[in-house]
Structures are given as structure tokens and as C-alpha cells.
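Written below as C-alpha cells is the structure these notes are about.
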Amino acid sequence: SDTVNLDALKQEVEALADKVKELKAASPVDKDAIGATVQNLLAAKQTYADNNNGIGVDGKPFEAPLTKVAKKAKAKAEKADAAEPATQNAEATSANAEKKAAKKAAAKAKKEAIKSGSVAPPETGGKLPSKKAPNHTSKVPPNQIVINPNVPLTERPVVALTAAVLTNTIIDYDIFSNHLARHTCLGTADGHVVTGDLAMARYIVKSASQNNNLLGGESLAQQAVVDTWVDYASSLMQLPAEIRINGVGMTLEHALQNNTYLVGTTMSMADLSVFAALGFPSQVADKAVVTAQLTEFATAKRWLDMMAASPAIQEATQLAVGIVNNTEAVFDVGATLEPLADGMNLLEGATPGRVVTRFPPEPSGYLHIGHAKAVLLNDYYARRYKGRLIVRFDDTNPSKEKEEFESAIVEDLASLGVTPDIVTYTSDYFNTIRGYAEILIKHGMAFMDDTPQEQMKAERMERQDSKHRNQSPEECMKYFKLMCSGSEEGAAWCLRAKIDMQSVNGTMRDPVIFRQNLEPHHRTGTTYKAYPTYDLACPIVDSLEGVTHALRTTEYNDRDEQYQWMLTALNLRRVRIHAFARMNFVNTVLSKRKLTWFVENGYVTGWDDARFPTVRGVVRRGLNIQALRQFMYAQGASRRVVNMVWSKFWAENKKEIDKDAKRFMAIDKDEHVLLTVTNAPDASENAFISTDCHPKDPSLGKRVIRIAKQVLLEKVDAEGMEAGEEIVLLRWGVVKITKVDGGLEGTYIPEGDFKAAKRKVTWLADVRDNTVCVLTEFDNLVTKDKLDEEDDFQDFINPDTLAETDVLGDACLKTLQEHEVIQLERRGFYRVDRPYISKEKPLILFMVPDGKEKSMSGMSGKLAHR
């Protein structure tokens, strides 16, 4: 391969072929010269094929012409085969002839019927199918790509999928897994079916409004060159893999000496079809096999590396591979992704390093538990795929937004353990968005409307066009500028997208996309007098910021069609939408308006009240962030909106906090009884015992517990005690009750039987250094599980949602810091809301629900245990 110039050989073959034509046309004919030239021509063709792994100059396997002797032998054999039927009996011959005649007549009649229009043509473009015609899959919905998940990657439509990615139309296609499908196929808009990867790819490119360079662009010559390469690649598919790869290597080595791509300056169907002929080796294992056979072809190897690294090819590969049960393509040995968290699905078409997600909160309130799901899912996918998370403040409505809410959202994200890669603002794009709005106007895809709001709403419901719908772009632009000027005359006007007033999807009925608002913006002041709506701003900024996957709740499903219309109308890069279910909880309101009412009317102490479903509220209640993540991930893949019960949430939370919540004891300050342990040390001796902070995890260290003659017991625990009964004082030992009447007394039994004692109680030495604590319990703000649309939430306000209990705890409680979560044995889990300062400013502990309907003991507390 180093000494033979295939291009030169090809030119020699062409020159010799031309010479043969000239000699045959000459007069008189020089047979000797013709014979010699033909021999040279055959030798040159043979040399070319020998050095191109058996592939001739026409791109097909080379076969040397037969000699006269060989031709005669072949003709004789064919004649003998043809003569065989003559030996059969006359009746059989006649019957066969009749069958052939009948078939011929039927075919002719069917052809005439198709021509006359009385019979619909078959799916083969109007031609009668032959016996070897492809078996189309019938009734494939428009834009559905059918893939059999049981076939290898090389038989899946990888070229077609890549073409869809490159033409910015991949989102328009529904990829459907069908293990019964005999061929990969694509349903067309007019009800036909296209079968085969390359045919599907051509259809996709021709249907797209951009990137026709894939087929060679506008140049007929380049289109022909692309077709030649596609034909070449197709002819290779019947060859063994080793021969095919070597043949491609030789060909590319010469074709790409001075070029990056096979045709033109961008990737085309020529490159894709040849890459497919190599087995579409985009994954690391497949690429290694092909690379091993291209060691002598540096140029071909360079091209292979470039193609395998193409984002479009990798996305198409993942789409083709991912059709099988969350299977992921592997493009780099060192870039193996973490296994999916329980409950999560793959992001469609996502590849490592190229995923960009975004969380776009409106700075008009505090984040609540529903927002937490959205931000955690966005953060999860960005981190798992080694991509980026954008937090973008959707500040398009100055009437609602405040800087204080922005700061609060940033703080809430930090409390959730979320660190965005970048923080942006929709307001940074106001000029750009206005420019795109003017593009819609200039192309007649938007109009200005001064129809009153209620009338507009009624017209949209009745699918009635606005009287301004057909205004000219010039008139529309005049009123648009009037609106943006902030004038009183322009206040009545708004810009509406001209989409489809007859659509069954209400969001497509000419939505408002720009409106006047004279209130100063908290970032841009009075620079702008009109602002885009979320429906216009969101898709534009998503595309411009490189978002690959926009995670949206299922309540936006109807708006997804509108979202994609905006991107298509403006010829912007398309963004894939990944839907998930909104999270609702029983006995809970998430509406900003309703939550604001609770704050303003004094039902709660603020937005961080532990009874509130805000992020800061549930964190203050004792939420564990890891538990929250696991809970949200478990719900992540579901698209069904359900009303979750808080008990499931808190039960998941308990699993996490139980792992490292240190154990302490506390006794009700008022409702207790005194037990005298007659053989215990006096309080003045400062005696103590040592015990593990966590009985199941010694690594959390030890703590000391004071012991003394006078011991405090919970009143409820002492009820029914009898003389002679043995009880267990937890973490200390067995005490035998010796007296009940006139005050409890007992004797400590060092070798007592813990298992034999039925009563195991918490206790506290009655000493001066005990810690004063306030235990705080909470209940739901709303009494009804699920509020209906017609319900007035104020009719279901729970009047009793907070209760406090004063207790005495052991001295170690004084060392606790804010946010620490502990367990008071036999009472429950608690979060430190305020550390101990003094007896006048005691330790304040917030009870953390554990998901159980009943408390750990008879000490049920003052409110419902939830």
C-alpha cells in the first residue's frame, strides 16, 4: 500500500478505457492494437483491485472477465440446464405455462387498475413489489422510528438517527421498541413507511429545513459524489468484516490526504455511510477492533477518531443502544458512569460530558418541597453525566419579583447541597429576546392585539380568531414599538404568537408572548417597559445557554408543543424535554398566594416556620438532605401525579438520621415521679457511668451519665409498679422495687437479669446540672387531605398546630449545636433549633416525625404524631 498510488492507477484505467473506445471507432480497425490495449486495461483493473482489497474502480468487488474457453463451457452448462424441462411430461409443461400466463395477466390487470386510480398503489412508491421486495411494517405512526431491540447495533438505524440529530429534528421523532419488527422503519407524514437505515436517513434529511449539506448541498455535482460514496459503502456490506475494513482503510487513505471529510467541509451522508460500513464503531470496544486493523492507515484512523468523537454520532448511538432497558453506550473506558439511582431513568440521548440541565426559579417567593424535587433531579443528572447545572432566575415579571427572594433561593439551594455551575438571569437576555420577537413579527408569525383580556380568553376557548390576526408585519411592528415605549396608548396592546387557533391544544391558540409592564425591574430598573412571557423567554434562553435537557413537570405537557414551536419558528437549536411528576403532599398547600396568607395573618412565624412546606421549613423541622435526595430519586421516573403522605417521607428520613443520631434521655419537668435507689451513691459524690452515644455505632463515641440515689422517672412509666418488681433503668441496670406506697424505693442489682425485666424505662438522676429543654411539636396547617378546586382553604385551617413541653435532660445536652439531630430515648428524634444558653434561654428541640402513627412509647406527646 506504500508503493501503489491508487489515484494514479484509477486514472490509468480510465485512460486505457478511453483508448479502447478510440481504437474501436477508428477506420480501419486495428484488432491487434485493440487486443493489446484491452489486455493492459484488464491488467490495470486487476492491479487496482489487488491493492484495494478486491474492490474495483467502480466500488464493487472485482471479477476478471472469462476467457473464450470459459465462456463456451458456461454457455454449454446453461444450455444443458435449460434443456432439462424438455424431458418432463407435456401435461406438467402445459400446467406451468398456464400458471405463468395467469400470474402475468393478474399483474397486468393490477398495474392498469393502479394507473386508473381505482386501486391504491403499494408502499413501494407505485411500483409493483417483486418477490424480494422489503417487508414493510404496516401502520407505523408518522415520525415513529421502529427498532427491534434484539438486533445488533449495526442493524439499528444509527445513520438515520445521526441525520436527525444533525438536522436538528431528532426531537420530532418517536423512537419505538418493537421486538417483532423484521426491519427498522420510519412512518412518514403521508402514511407511508420507509424501510432501511440509509433510506430513512435520506428521508429525514430531505424532510428537514436545514443542513441539506448532508446530501451534498445545492451542487448537483457534490450530490452525485455523496451518492457515489453511499453506493460504495452499501456495496461493502456483503463483504466479510476484515476485508471491508481493510478496503475502507485503503480508500480513505487516498481520499482524505488533503481533506477532513469525504465531501465538502462538513460531515455528510458520505462519511456516515462509510462509518456505518465499518460497523458504526463509536463505542470504545467496537472502535478498538476497527483501529487494530487500520494500523497502516494513519489518515483513515484519524478520520475514524474524529467520527467516533462526534457529539451527533454519540447521541445517535446512545439513542439506538438505550432502546433496551436503560442500556448505556460506552465511549471512553475512563468515563464509566455511576449506576442509576433507584427510581431514576436515563436521560434520552444523553452522553457523558455533554448534558446541560437548568433550574429556572421565579424570584417571587421561597422554594418549597415541590421545587426541591425539580432542583435535585436537575442536579442529579448534571452530576451523573459529568455535565453542567445552570440556575437561571426567570425574572420576566417585575410585579412579583424581589431581590430578597433571589437571596433566599440561593441560600435554600445551599441547604439542599446544590452548587450550580453558573447562575444566570433571563433579564440578561431581554434585548436578545426582543430581537427574536421582531423576527416572528417580520415573518408574519406574530401579531399585536388590543382585545380585552376576558374577551381574548373567551375567543381562545371558542377557537375564534382575533380581529387583528391578519395584520401586516409593518402594522404589527408599529404597535409593538408603541407597546415597548411604555406609552399609555401602547398599554392596551400585547404581542401574540400566530400559531393555530383551531388546535385541540389550548396553549397553541395564539398565546401572549410580550406585554407592557411599567413597574421598575429589580435588576434593570426602568430600562424596559415591556417584557417577554415565560412561554417565549424560556425556550429561547434554554437554547442559547446550551441546555440539552429541560426537565419540566407533567403539568407543562400541553406547553411542550408550544415550546418546540418557538424553537422551530426561530430556527434555534432544539432542546429535549424530560417530564416528571409534580410532587404534592396531603394536608399541604404549595401555592405562593396561600402560603403568603399564612405568613401575613400570623398563623406561622415566617417562611422558615417548621410547619411550612418550604425548603427552609422542612430543613428546620429536621430534614436530612441525603434522605430527601433518595426520596425524590425514588419518585423521579414516575409521571403520575400523586398526593404523597408525609409519613412515607419522614420514614425515609428516619432511616438516615437514625444512623448517627446520638442517644440521650429526658424526663418531663412536671409529670414525673421520684425513685430512691437506696444503694446508689449520693448526688454529692458526682458519680457517673459511661455509655455509647449510639448503641449500634461505637465509632460515635461515648458519653457520661450521672447516677445518684434520687432518680426521676416519667409518671406514665411508674404507673402500676409493684413491690418486688424488677425494672431496667436504661444504660444503667436492674433495680428491684422494694416500696411503692409513700414514695418509690428500690435496690440496684449489679448482676440483674435485663431480659427478665418487663419494664425498661428512661430516667434521670435528680442533680443540679441537668439541662432545661423545651420540646416543640407541630401538626398540619390544613385539616383536609386534598383541597378541591372549589374549596376555600381558609375553611380547613387547623387551629392547634404547635405544642411545647418542658423537660429535664442530662448534662451532655448542653454541648449540642444548632441543627444537630438527636434521639431522646423512648420519645423520638429531635433537631436542635436553639442550643442551650441558660436556664432562662433553654435548649429548644423540634420533634422530627419518624413516619410512625404512634410514638416510641406511651409518651405520645401533646399533638398527633406526624
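The values are calculated or read from the model by the stated rules, or taken from the named source; none is laboratory data. All of these numbers come straight from a predicted model, not from anything done at the bench. Note that each Cβ is placed from the backbone with ideal geometry, even for glycine, and that neighbours are counted across all protein chains shown. What goes into the accessible areas is simple: the full protein's heavy atoms, side chains included, and nothing from ligands, DNA or RNA. Shrake-Rupley method; radii C 1.70, N 1.55, O 1.52, S 1.80 Å.
Give the residues of the stretch 221-245 that are open to solvent by 60 Å² or more (accessible area, probe 1.4 Å) and in a loop (DSSP other than H, G, I, E, B), sorted by residue number. Listed by number, the residues that qualify are Met237, Gln238, Pro240.
Set side by side, the residues Ile667, Ile657 differ, and just one is of a type in the set (A, V, I, L, M, F, W, C), crowded, with 18+ Cβ neighbours inside 10 Å and in contact with a Ser or Thr (Cβ under 9 Å, 6 or more places away or on another chain), which is Ile667. Within the stretch 362-402, count every residue that is more than 17 Å from Ile422 (Cα to Cα) and among the aromatic types (Phe, Trp, Tyr). Matching residues across the stretch 362-402 total 1. Of the strands (runs of 3 or more DSSP E) that lie entirely inside the stretch 739-848, those containing 2 or more residues that are polar (S, T, N, Q) and either out of contact with any Lys or Arg (no Cβ under 8 Å at 6 or more places or on another chain) or closer than 30 Å to Thr676 by Cα (or both) span 771-778. In the stretch 694-710, the residue that is most open to solvent (accessible area, probe 1.4 Å) out of those that are in contact with a strand residue (DSSP E or B) (Cβ under 7 Å, 6 or more places away or on another chain) and outside any loop (DSSP other than H, G, I, E, B) is Lys702. For Lys45, the requirement of being surrounded by 14 or more Cβ atoms within 10 Å (Cβ to Cβ) and at pLDDT below 75 is not met. Within the stretch 290-321, the set of residues being open to solvent by less than 30 Å² (accessible area, probe 1.4 Å), hydrophobic (A, V, I, L, M, F, W, C) and part of a helix (DSSP H, G or I) comprises Val290, Ala300, Trp303, Leu304, Met307, Ala308, Ala312, Ile313, Ala316, Leu319, Ala320, Val321. For the stretch 246-265, a residue qualifies if it is over 12 Å from Leu294 (Cβ atoms), open to solvent by 30 Å² or more (accessible area, probe 1.4 Å) and not aromatic (Phe, Trp, Tyr), and the qualifying residues are His254, Ala255, Gln257, Asn258, Asn259, Thr260, Gly264, Thr265. The residue that is farthest from Leu319 (Cα to Cα), among those in the stretch 332-388 that are touching a His at 6+ places or on another chain (Cβ under 9 Å) and open to solvent by 30 Å² or more (accessible area, probe 1.4 Å), is Asn345. Cβ-Cβ distances below 6 Å connect the following pairs, each with a first residue in the stretch 712-726 that is open to solvent by 20 Å² or more (accessible area, probe 1.4 Å), a second residue that is in a loop (DSSP other than H, G, I, E, B), and a separation of six or more residues or different chains: Lys715/Glu671; Val716/Gly858; Ala723/Val740; Glu726/Ala757.
Checking Asp806, Asp766, Asp779, Asp753 one by one, the residue that is over 43 Å from the mean Cα position of the chain (by Cα) and surrounded by 17 or more Cβ atoms within 10 Å (Cβ to Cβ) is Asp766 and no other. Look at (1) free of Cβ contacts under 8 Å to residues at least 24 places away in the same chain; (2) under 20 Å from Pro157 (Cβ atoms) and you find that Asn259 fails only one, number (2). Residue selection: Gly858 fails the criterion of being modelled with pLDDT under 90 and closer than 21 Å to Leu623 by Cβ.
Every condition in (1) touching a residue at least 40 places away in the same chain (Cβ under 8 Å); (2) open to solvent by less than 10 Å² (accessible area, probe 1.4 Å); (3) of a type outside the set (Gly, Ala, Ser) is met by Asn517 except one, and the failing one is (2). The set of residues from the stretch 424-458 being among the hydroxyl-bearing types (Ser, Thr, Tyr) and assigned to a helix (DSSP H, G or I) comprises Thr426, Ser427, Tyr429, Thr432, Tyr436. Just one of the listed residues (Thr801, Thr747) is open to solvent by less than 40 Å² (accessible area, probe 1.4 Å), more than 28 Å from Lys659 (Cβ to Cβ) and hydroxyl-bearing (Ser, Thr, Tyr), and it is Thr801. Scanning the stretch 575-602 for residues that are buried (at least 19 other Cβ atoms within 10 Å of the Cβ) and either farther than 23 Å from Gly636 by Cβ or β-branched (Val, Ile, Thr) (or both) yields a total of 7.
Out of Thr526, Thr548, Thr596, Thr507, one residue alone is in contact (Cβ under 8 Å) with a residue 60 or more places away in the chain and either under 28 Å from Ile171 (Cβ atoms) or in contact with a Pro (Cβ under 8 Å, 6 or more places away or on another chain) (or both). It is Thr548.
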